[in-house]
Amino acid sequence: MTKTPRKTAVSAKPTAKAKPADKKPAPTKAKTAPRPKSNPAPESPDAMTPPPETPVASSTFDKETLRKMEELSVNIAKAAMTAQSALAKTVFAQPETGAAPADPFQVGPAMTEIMGSLARKPDKLVEAQSELLTGYMELWGKMTRRTLGTEAAPGRPADKRFADPRWQENVMFDMMKQSYLLSSNWINKLISSAEDVDPMVKRRAEFFTKLLTDAMSPANFLMSNPAALQALIDTKGESLVKGMERFADDLARGDGKLKISQADTDSFVVGRNVATTPGKVIYRGKYFELLQYNPTTEQVREIPLLIFPPWINKFYILDLQTKNSLIKWLVDQGFSVFLVAWVNPDASMKDTTFEDYMFGGIYEAVQKVIEHTGAPSVNAVGYCIGGTLLGCTLAHMAAKGDKTVSAATFFTAQHDFSEAGDLLLFTSETWLKELERQMDAAGGVLPGSAMADTFNSLRANDLIWSFFVNNYLLGKELTPFDLLCWNADQTRMPKALHMFYLRKFYGENALTNRKLVLAGVDIDLKKVTIPIYEQAGREDHIAPPGSVYKGSKLFGGPVTFMLAGSGHIAGVVNHPDAKKYMHWLNDAHPATLEEWVDSAVEHAGSWWPHWAGWLNERSGKMVGARDPMKGKLKPLMDAPGSYVLVKS
């Protein structure tokens, strides 16, 4: 506070004496009558009154406010100490490992090539710079009008990162958000505009530029996120303390690598409230346990249904809870349902091959179901990578004259990998060598978290940054969500099998190019003439619908292609009772997906009933229900078995 200067009293006397004049005889003057004495002139009030003391500034904060501020300060310090301690432990706990290559994804060379392409066309750069400047001029004008009250705040944006109303209500945060979106969209568009660049190089540059711009969102930082700042104030810092405690827990859980929690995993326990459809484990092999589910109808279809889920994840995505379980729904429709629960490999299986999974997985499971039921054949289902393996095995069976699989269904399974989406970026030889290094360090298996990190990066805003903000900046409690709990229950993969899969399918597209040989047999899908039902997800980012459709054209028999709403998981797991999404059907099977979509018919809700109708026509007559206890193979334990319980 600026102090008011004190006023100085004015003196009636001169401040300095006059210099005396030279003494001369004074002239004689006439005496005059003396003047009456006059009272001295009164001093000014300022001179008479002592100057007032400068008032001491009184506090504008009451005791309660001061207490809250003190509590906020303590909690901020506590949060900082928690984060620092966790980071320090991480640094000192890092093991000595072989050095990783500086740029295993080859982002640097990709960006150099992109920049070279842009530099060769300076007119395009000038145009882009002009576009950015125009965008900022418009933004500044809009913000000025908002400040003056001549323009209303914008409505709620489609971008979920800025859904909190404070991003729109506060001019400063709105400006921050709009500036970020303008700049990030501009740089992403600029990278995409590069010409005369190898498509894969361009895709790599686009992908990692998007990752970078997503990471730089103001929503991801405490001081630029209005919702996080409000939570900090409202909770007197407790939100940040909780966030940093969870940050420390996630670092510890990842052994020094941040493993962001996505759900309250303690809320769901396999066999207790997920994977609860009743059944038995009727066989256990080196690579899988075979589950048979208890019938709920008096009669079932003669031809059993055998499901091969992906080994990249655990099978119970198909049997989460009663309300969304595909397994239970199929059982209730009168199908004899069997399922392969893959082993969670450890270092002892590092040399296990793709052929081992073909013979010791699919061939063996088919034979065990036929042996147990006495049925002449099975109908098979392959999901994701399980579908890729099933397709290869069917071609091998066709070459050998084996007819034990009479019809097959594929859930989001790829056989042609030429349009396999952004996962192709993770299959360059430089990255594969880094992956081999990681697997060797882990004893010959790919840690489950590695594959999860890859999948999460494909949808970073949804699967990384949203949880980063909620968990660490807002300090929110984790949500009990069955699907995300399943997603966190990861599996390992044997080195030999996984490297074969990445190199042969993603790298060489060997199945499509007819360069795949398994156990001495040339694998040709044209030899597969059994009926095929092919499902793809419209928003699938792991097995894009275009890729799935191209694969469906490789088979030699009748193919029913169906396009479901949503993506890799929700596009498959969509119970009819949920009345969600839609699906498209087309009796024709033209050369391209675009042609198929042009004449496809949209249907509301789940595609499961349509598929069940297709299965019924190919599953034989109705027979008495099959009790797992009464087959040839003796039950070993209750479903979901023991392999699914092994943690990574």
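The values are calculated or read from the model by the stated rules, or taken from the named source; none is laboratory data. Because the structure is a prediction, the values reported are computed rather than measured. For neighbour counting, all protein chains shown are included, and Cβ atoms are generated from backbone atoms with ideal geometry for every residue, glycine included. Remember, those area values only see protein heavy atoms, side chains included, never the ligands or the DNA or RNA. Shrake-Rupley method; radii C 1.70, N 1.55, O 1.52, S 1.80 Å.
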For region 263-304, which positions are hydrophobic (A, V, I, L, M, F, W, C), open to solvent by 10 Å² or more (accessible area, probe 1.4 Å) and part of a loop (DSSP other than H, G, I, E, B)?
PHE268, VAL269, ILE303
Report, by residue number, each residue of region 411-459 that is among the β-branched types (Val, Ile, Thr), over 27 Å from ALA110 (Cα atoms) and either in contact with a Lys or Arg (Cβ under 9 Å, 6 or more places away or on another chain) or assigned to a strand (DSSP E or B) (or both).
VAL445
Of the residues in region 129-157, those that are open to solvent by 100 Å² or more (accessible area, probe 1.4 Å) and closer than 25 Å to TRP465 by Cβ come to ARG156
Exactly one of (1) of a type in the set (A, V, I, L, M); (2) loosely packed, with under 14 Cβ neighbours inside 10 Å; (3) assigned to a loop (DSSP other than H, G, I, E, B) is unmet by MET629. Its number?
(3)
Limited to region 215-240, what total is found for residues that are assigned to a helix (DSSP H, G or I), surrounded by fewer than 19 Cβ atoms within 10 Å (Cβ to Cβ) and not β-branched (Val, Ile, Thr)?
9
Give the number of residues within region 84-114 that are open to solvent by 90 Å² or more (accessible area, probe 1.4 Å) and modelled with pLDDT of 90 or more.
1
Those residues of region 394-443 which are within 26 Å of LEU306 (Cα to Cα) and among the small types (Gly, Ala, Ser), in sequence order
ALA395, ALA398, ALA399, GLY401, SER406, ALA407, ALA408, ALA413
Restricting attention to region 378-389, the residues that are within 20 Å of LEU330 (Cα to Cα) and either among the aromatic types (Phe, Trp, Tyr) or open to solvent by less than 10 Å² (accessible area, probe 1.4 Å) (or both) number exactly 8
Taking region 163-179 and keeping only residues that are under 15 Å from GLY149 (Cα atoms), surrounded by fewer than 18 Cβ atoms within 10 Å (Cβ to Cβ) and not aliphatic (A, V, I, L, M), one is left with GLU169, ASN170
Contact list, first residue from region 344-365 and under 13 Å from VAL646 (Cβ atoms), second anywhere and open to solvent by 10 Å² or more (accessible area, probe 1.4 Å) and among the aliphatic types (A, V, I, L, M), beta-carbon distance below 6 Å, six or more apart or interchain, is ASN344/VAL646
Just checking, does region 143-152 include any residue being touching a helix residue (DSSP H, G or I) at 6+ places or on another chain (Cβ under 9 Å) and under 30 Å from ARG459 (Cα atoms)?
no
State yes or no: is THR393 open to solvent by less than 20 Å² (accessible area, probe 1.4 Å) and at positive phi?
no
